[in-house]
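Below you'll find the structure, written out as structure tokens, and then a few comments.
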């Protein structure tokens, strides 16, 4: 049986066309790239996570010569928030990627491991986690992780 899968997202030509709270998160993700340690790939990623209480947590990718010992920006932010605010739901995560210091035209998309971690926190808190992917020519906003990872791994029934 053939089936079709579809998903929705919003696309913006610039952050100025977004809601003020999303503009703030985009700016925070861009700023978070300053904390990137990426001497091997020269690909700087910044993530900004807004919690339900309004707090914004930043993360940046951290590389290591003993690959794959590094960690993606998204997981840096989510794990820090999860460890320090375990009972506060995640609201929105913005991600920005730059290659050799230049913001990518198309938004960088999170890896599968990061998507699965996003899905885990979304499930844990029983609330949709919105995702904003930032590029210089376009910004995409997804209403929940399911739109980025439609077949989420789930070893437990809901």
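At a glance:
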| read-out | value |
| --- | --- |
| nm² value of the averaged projected area, convex hull over the Cα atoms of segment 78-158 | 5.9 |
| Global geometry of segment 23-98, whether rounded, prolate or oblate, following the gyration tensor of its Cα atoms and the 1.5 cut on a/c | oblate |
| Isotropic mean projected area of the C-alpha convex hull, segment 1-40 (nm²) | 6.0 |
| Proxy reagent accessibility, fewest Cβ within 10 Å first, across 72, 144 | 144, 72 |
| Top of 39, 89, 68 by mean-square fluctuation, Gaussian network on the chain, Cα under 10 Å | 68 |
| Residue among 142, 90, 79 with the largest mean-square fluctuation in a Gaussian network model of the chain, springs linking Cα atoms under 10 Å | 79 |
| Relative exposure of 87, 22, 99, judged by other C-beta atoms within 10 Å (fewest first) | 87, 99, 22 |
| Base-10 log of normalised Debye intensity for the chain (one unit scatterer per alpha-carbon) at q = 0.10, 0.16, 0.19 Å⁻¹ | -0.34, -0.87, -1.19 |
| Computed [θ] at 222 nm, helices only, for the chain once each DSSP H run of length n ≥ 4 contributes -39500 (n - 2.57) | -8000 deg cm²/dmol |
| 133, 55, 19 arranged by Cβ crowding within 10 Å, fewest neighbours leading | 19, 55, 133 |
| Segment 10-147, relative contact order [Cα under 8 Å, separation at least 6], % | 25 |
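Each value in this text was obtained by applying a stated rule to the coordinates, not by laboratory testing. All of these numbers come straight from a predicted model, not from anything done at the bench. Cβ: placed from backbone, ideal geometry, glycine included. Neighbour counts: every protein chain shown.
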